[in-house]
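The structure under discussion appears below in the form of structure tokens.
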Amino acid sequence: MGRLWIILLGAVVLGCAQPSAAPSPDYSPTITRDSFGVATVHGRDDAETAYGLALAHAEDNFATIQLVALAARGRLGAHLGRDGAPSDFLWNLIEVKQSVEQGYETLSPEFRSVLEGYAAGLNAYAAAHPDEALPGARNLTGRDVAAGSALTLPLFFGFDHVLGVLADETSHPCAAREARAENIDWGSNAFAVAPSRSSDGHTRVILNSHQPWDGPVAWYEARIESDSGWRMHGGVFPAAPFPVVGTNGALGWAATVNFPDLIDLYRLTTDAEHRGQYFYDGAWRRFETRTVWLWVKMGWFTVPVPRTLRYSVYGPAFETADGWVSVRYAGEHEIRALEQFYRMGKARSYEEWRAAMDMRAIPSFNFIYGDASGRIAFHYNASLPRRAPGYDWSGCVPGDTSATLWPQREYLATPVLDTPNSGWLYSANGQPWSSTDPASDLQPAQYAEVAPFIETNMTNRSYRAVEILSPLRTISAEQLLAAKFDVTSSSQSRTEAAIQRILGADASNDAELAQIQAVLRRWDRRAAQDSTEAPLALLMFYPLYNARLYGQPEPDPIATARDGARYLMQHFGKLDPPLGEVLRLRRGDVDLPLQGAPDTLRALRWHPDPDGRLSADFGDGLMMVMDWAPDGALTVQSIHQWGASNHPESPHYNDQSPLYARHEWRTNPW
């Protein structure tokens, strides 16, 4: 879950009129805050509770919520200029407005009331704080809230990566593999331990999503509860009307990003004689063509920029160096994902939770589940379509036959490991065939029909989870947390492979390389605060990590090690400063040492500050431990990297940072 934070920022045409919202019911929720400013919202019903959450979250970060809400209206360019145009293009291309118009009334009345209550709460805040409201952010509706998932969900499984290739007229998309976890590791961890494996008979679930620390997909923590029995404590995205991960007391879950192959490319048959047409099932068809206007802010003016969109029976079509290519993705026009999350949160048992999962409205994500009864489960959730056999679906398939046109909403069964004999589970963005002790793992042969469309990689975090926890006869709370905060690179990791390549190079006539080798040879593969070798190792590996992240050629680790060495000499005067001096948590007047690395279980990414320090901005953010005692009593611990408020003048702007840096938790009475 990560890169889409750039794409999702949204705005509307400045001064553009918006439809009026219906009159709001008389909402009067109760909002209380704990000593860290974390809100608990209580309402008479679910709609009033969602209204209150909108008010509470807007008090803390209305600016970001508005941008996300406005993205669902497809007008980013009018607010951000050229940087916003790609989001507007995507909004038009995947027909978000049409999806909502066609699907909104199919949502349950109960859920629509939640969406509309949340929108009313944002409108109420805007009315009370007109100086904070963007010109087009007034009169939001439940449809605006629903539109968000239609826009965002395809991005989690790499649709934006594929779209970027297709939109480049010089590209060869038929030679490029689609976005998969082998290329992209956005991160996230999740763990569950059942009473049969825990040292004290407790059930524990750890939520540890890795997200940007700021922007439209940065976590916000809240608790909601209504007199109708709805109760959730967990992570909320800006413009989401309730927590989408966390616990309702009876059960809880965490999510990690997965990369099932949900996108297919089709090479269309065209020729000069039949311009504007493509050949399909023995006849020529015209492309469906329409012109859209992207409103782009340029200085004081908003300029309309026309773009022509073309569609085949498969989906959007683009002219590329491989000819005309069309793209089809699972979950097209799907707007029920938020309702599925809502149903998951209302469930009181695994059977009810799984019934919500059977909606299949959330196209991707791994889920780790646990509950008060001691049940745990791993779900590799994916809307894998029923593809015709006999085709190579990894590149472009023939786009001239209905044989390759798979149906939407007909999804195959995907891997589920329910109540494993091992008594513990993990997910760390790797293959689902490793999720616990190897002896209890699922096998690809059990899911032969879908296995070819599921990632096969193992992250360092995957290796380490198994290396740490699998040998333990029982897993204590302390051992589980130690694993979650582990900062070691496995001997099987890419980091270690790069180190070995550097150490194997001939440095007999290369003083700089010899110094680098001397530092790296001492490294114990731990990104600990007191490690004086870790800064060089991490600076060496970070460009390799980013290259794979963004689908670029991977640089030579010897070259990146040299760059890292020069960086350290420039800013710290030596090759081996302690990592805690280099890697920092900075927010307002807080400046604290950190430890961790991009693909360690204590996951952190960063940007360089002018003074050379590496300021963390992505990775371990909101984290939660859900702990059920044998009698069913629940304890919830949580921590946020900063705090509840996005306002620098607030005492809750960074009041959790010292706890976060020390690997400590807040305990939330349930």
| Based on the Cβ-Cβ distance of ASP271 and THR308, what FRET efficiency does E = 1/(1 + (r/R0)^6) give at R0 = 25 Å, to the nearest 0.05? | 0.80
| the stretch 344-356 - phi-based ³J(HN,Hα) in whole Hz, Karplus 6.51/-1.76/1.60, Gly and Pro as x | 4, x, 7, 5, 10, 8, 4, 4, 5, 5, 5, 4, 5
| said: Only sites in a loop by DSSP and with at most 15 other Cβ atoms within 10 Å count here; which trypsin sites (Lys or Arg not before Pro) in the stretch 327-357 make the cut? | reply: ARG348
| request: Work out the length of the dipole vector of the chain about its Cα centre, built from +1 on the beta-carbon of each Lys and Arg and -1 on the beta-carbon of each Asp and Glu, and round it to the nearest 20 debye. | output: 260 debye
| remark: Given a 1.4 Å probe, the accessible area of the chain per residue, as a whole number of Å², is 37 Å²
| query | Which whole-Hz couplings ³J(HN,Hα) result when phi for each residue of the stretch 646-663 is put into the Karplus expression 6.51 cos²θ - 1.76 cosθ + 1.60, θ = phi - 60°, listed in order with x for Gly and Pro? | reply | 9, 9, x, 7, 7, x, 9, 5, 8, 6, 8, 4, x, 5, 4, 5, 8, 6
| task | Please identify every one of the trypsin sites (Lys or Arg not before Pro) in the stretch 411-477 that sits in a loop by DSSP and has no more than 16 other beta carbons within 10 Å of its own beta carbon. | result | ARG473
| field | For the chain, with +1 on Lys and Arg beta carbons and -1 on Asp and Glu, the positive-most of GLN637, ASN668, SER531 along the dipole | value | SER531
| remark: Given 267-277, 105-115, the highest-first ranking by average Cβ count within 10 Å works out to 105-115, 267-277
| note | Under the 7 Å Cα-to-Cβ spin-label approximation, TRP293 and SER199 lie apart by a distance in nanometres of 6.7 nm
| message | Taking amide H atoms as placed 1.01 Å from N in the peptide plane, list the residues 5 or more away in sequence, or in a different chain, whose amide H sits under 5 Å from that of VAL303. | response | VAL296, LYS297, MET298
| query | Could you give the distance between the Cα centres of the stretch 504-559 and the stretch 582-654, to the whole Å? | reply | 26 Å
| Using θ = phi - 60° and the Karplus form 6.51 cos²θ - 1.76 cosθ + 1.60, what ³J(HN,Hα) does each residue of the stretch 579-592 get, whole Hz, x for Gly and Pro? | 4, x, 7, 9, 8, 10, 9, 10, 7, x, 8, 9, 8, 10
| query | 222 nm [θ] for the chain, helices only, -39500 (n - 2.57) per DSSP H run of 4+, per residue, to 500? | reply | -8500 deg cm²/dmol
| task | Quick one: which residues, 5+ away or cross-chain, put their amide H under 5 Å from the amide H of GLN641? H built at 1.01 Å from N. | result | LEU622
| request: Run the accessible area of the chain with a 1.4 Å probe and give the carbon-and-sulfur part as a rounded percent. | output: 51 percent
| query | Can you list the lysines whose alpha carbon is less than 27 Å from that of LYS97, not counting same-chain residues fewer than 8 positions off? | reply | LYS297
| said: Could you sort the peptides 398-404, 230-236 by per-residue average Cβ neighbour count (10 Å cutoff), highest mean leading? | reply: 230-236, 398-404
| Which residues' amide hydrogens lie under 5 Å from the amide hydrogen of THR320, considering only partners 5 or more residues apart or on another chain, with H built in the peptide plane? | VAL325
| query | Among 443-449, 64-70, what's the highest-first ranking by average C-beta atoms within 10 angstrom per residue? | reply | 64-70, 443-449
| What is the magnitude of the charge dipole of the stretch 342-391 about its Cα centre, with +1 placed on the Cβ of each Lys and Arg, -1 on the Cβ of each Asp and Glu, and no other charges, expressed in debye to the nearest 20? | 160 debye
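The values are calculated or read from the model by the stated rules, or taken from the named source; none is laboratory data. Computed from a predicted structure; not experimentally measured. Note: ideal-geometry Cβ built from the backbone for every residue, glycine included; neighbour counts use all protein chains shown. Accessible surface areas use protein heavy atoms only, side chains included; no ligands, DNA or RNA. Shrake-Rupley method; radii C 1.70, N 1.55, O 1.52, S 1.80 Å.
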